[in-house]
Structures are given as structure tokens and as C-alpha cells.
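Following this message is one structure expressed as C-alpha cells.
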Amino acid sequence: MYKFIKILMIVPLFHILLYAEITDKQVDRYMEISRAKTLLSGAQYKIVKKYATFFTSSYLVVGRNLSNISKEKAKILGRKSVKSFVRTQEFVKEFRNTFKKIDSDVYKDIVAFYMTDTGKKLVKAGIPIKNLIITKESLEYVNRVRNTVVSYKKQKLLDTIAEEFNIIELKMKLKKELLMAFSKRDGSEYSREELAQDLVNIQKNFKAYNKILMHITYLDFNESELQEVLKYASSKAGKLDMKLMYEALLNYKLIIFKNLDYCMNEPIRNAIQKNNKKLKEIRSEAK
């Protein structure tokens, strides 16, 4: 009886050890060798590009009403402010901590893939046109993509990799959550019918765009390397890796949007506070 109880106690302990989350050090290594850092920097670039004008507007309001900030100075301060905002440690931590869900066994398989030549190549793939930054290198890369004829065999492999990584479904889940968060924030919540219709249109665009994205990413991959990527995409490690990257992106964007209004209006709050303090000092001196 005692032996039986002992076995019952050991089994749950073994289960916990087997599926334990990875350590902070392991998360740091994952961030360093995987595509996670590129994904985060891409998201940050797009947010900066989209909201720089809103941050600038806040400084322009301050300039018109509360101080002597010029338009040029407002632009500089607005861009600097939004860049600082997207790099807020609390937000980055939200992204990073998502990867703690990787259990230790799967972590080994993920690291093993990214340490291969193909894994390293995948991390760097498409970087010349990352974030749609227009440079001589990026334009040359785009021209190469346009002028490259993709064989039926390669196209089939690319389609299968996308299916195994479950890219479209993960993108759709991300978009749906963000649309719902945006509509709540703006006070114009979607009806079921509106959301369903928008998602149908978005999915069509995603499918068309994803083919282009796959061509860009795997432009310089040969058949053997694509087979290796496909093997990883079909594995438990590959599927979890991709799933958590989209989950991390969602968590990061949600916390960004949650704090967006407050941070955009910070210059106005600071200027008002500063002016109120000055007003109090003037009144105090008048007495």
C-alpha cells in the first residue's frame, strides 16, 4: 500500500517536471536565436509609423496653447516619444513572457532547428525588405522577387509549409482580437454580421498577400532546405513556435493599444501641470 501511494506521489511530480516552463535565461536565448526579435522590431516599426503623427499632434496642441514649441520641434518630440513608448519595458516583457509557455522538451527541439544552417537562414530570410523600409538593397530584393519564376514544385512546398505552420488561421485570430479590441476602445463595437463580413474580406487579402510573403521569405531556399523547414513546420516544436509568436504579438499589441491614449496625451498633461504650477507661483507672489 505504501509503495502504491509513493508511486502516486511520484507520477504527478514527474508530470510537472516534464512540462515545466522554461527559465528566463532560456527565453533570452530563444529571443536571440529565433525570429521573435525580428517580429517584435517589425511590430514596433509599424506602430511608430502609424502613430507618430498622433504623438506629434499632442505636442502641437501644447505648442499652440501652452508653450512655444514649433512644428519641426513637435515632429521630433512626437517621433522620439512614440519610439520610447513602443520600447517600454513593461510592453516588451508582455511579448517576451509569452514564450515561457514553451515546455523544456519542445524548447530543445526549437533550439535544435534554429541552430541548423536552414534555421539560421530562416531567421535572416526577407530581412532586406523587413518593415517595408525603402533602401537600395530592399528595392533590389523586391526586383529579384518579381523576376523570379517559382516552379510548381516549389509553390506546392511553400503552400504546404504555410498550411503546416497554420499561418492564415493564426493571422485571422490575431486580426479578430485586434478588431474587437479597437471597436471597444472606440466605442463602436462590431455586430456579429459586420465582424463576420470584415473577416471574410480580410481572409481573402491574407491568402493573396501570404503567397507573396512566402515568395519573399523563401526566395533563396533550395528544395532540400524547404523540405527541412516543412519537417519543422509539421512538428510539435514548429507549430508551437509559430503559435506563440502570434500570441506574443497579440499580447504586445493589446497592451500597446490599452496604454496608447494615455501616453499620446502625456505632453498635454505635463504642460498643463507645468503651467498650473507656474500660475500658482504667480498667484503666491501676488499675495
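Nothing in this text is a laboratory measurement; each read-out follows from the coordinates by a stated rule. Fair warning: this is a prediction, and the values are worked out from it, not measured in the lab. Because the Cβ atoms are built from the backbone with ideal geometry, glycine has one as well, and the counts that use them run over all protein chains shown.
What residues qualify as long-range amide H neighbours of ASP103, i.e. H under 5 Å apart, gap of 5 or more or another chain, H built at 1.01 Å from N?
Sorted by chain and number, the residues that satisfy this come to none at all.
Could you calculate the contour length gain from ASP261 to LYS176, that is, 0.36 nm times the residue separation minus the distance between their Cα atoms, to one decimal place in nm?
Extra length from ASP261 to LYS176 when fully extended: 28.5 nm.
So which aspartates and glutamates can LYS211 reach, going by Cα to Cα under 16 Å and dropping same-chain residues fewer than 8 places off?
Straight-distance partners of LYS211: ASP159, GLU163, GLU164, GLU169, ASP220.
A further question follows. Rank the residues ILE47, ILE33 as a footprinting-exposure proxy: fewest other Cβ atoms within 10 Å of their Cβ go first.
In increasing order of surrounding Cβ atoms, one gets ILE33, ILE47.
Could you run the Karplus curve 6.51 cos²θ - 1.76 cosθ + 1.60 with θ = phi - 60° over region 213-229 and give me ³J(HN,Hα) per residue in whole Hz, x for Gly and Pro?
Whole-Hz 3J(HN,Hα) from phi for region 213-229: 4, 5, 4, 5, 5, 9, 3, 9, 8, 8, 4, 4, 5, 5, 4, 5, 5.
Run the numbers for LYS153 and GLN227: contour at 0.36 nm per residue of separation, minus the present Cα-Cα distance, in nm.
The span from LYS153 to GLN227 would gain 25.5 nm if fully extended.
A further question follows. Excluding ASP220 itself, calculate the net charge of residues whose Cβ lies under 11 Å from the Cβ of ASP220, where each Lys or Arg counts +1 and each Asp or Glu counts -1.
It works out to a net charge of +2.
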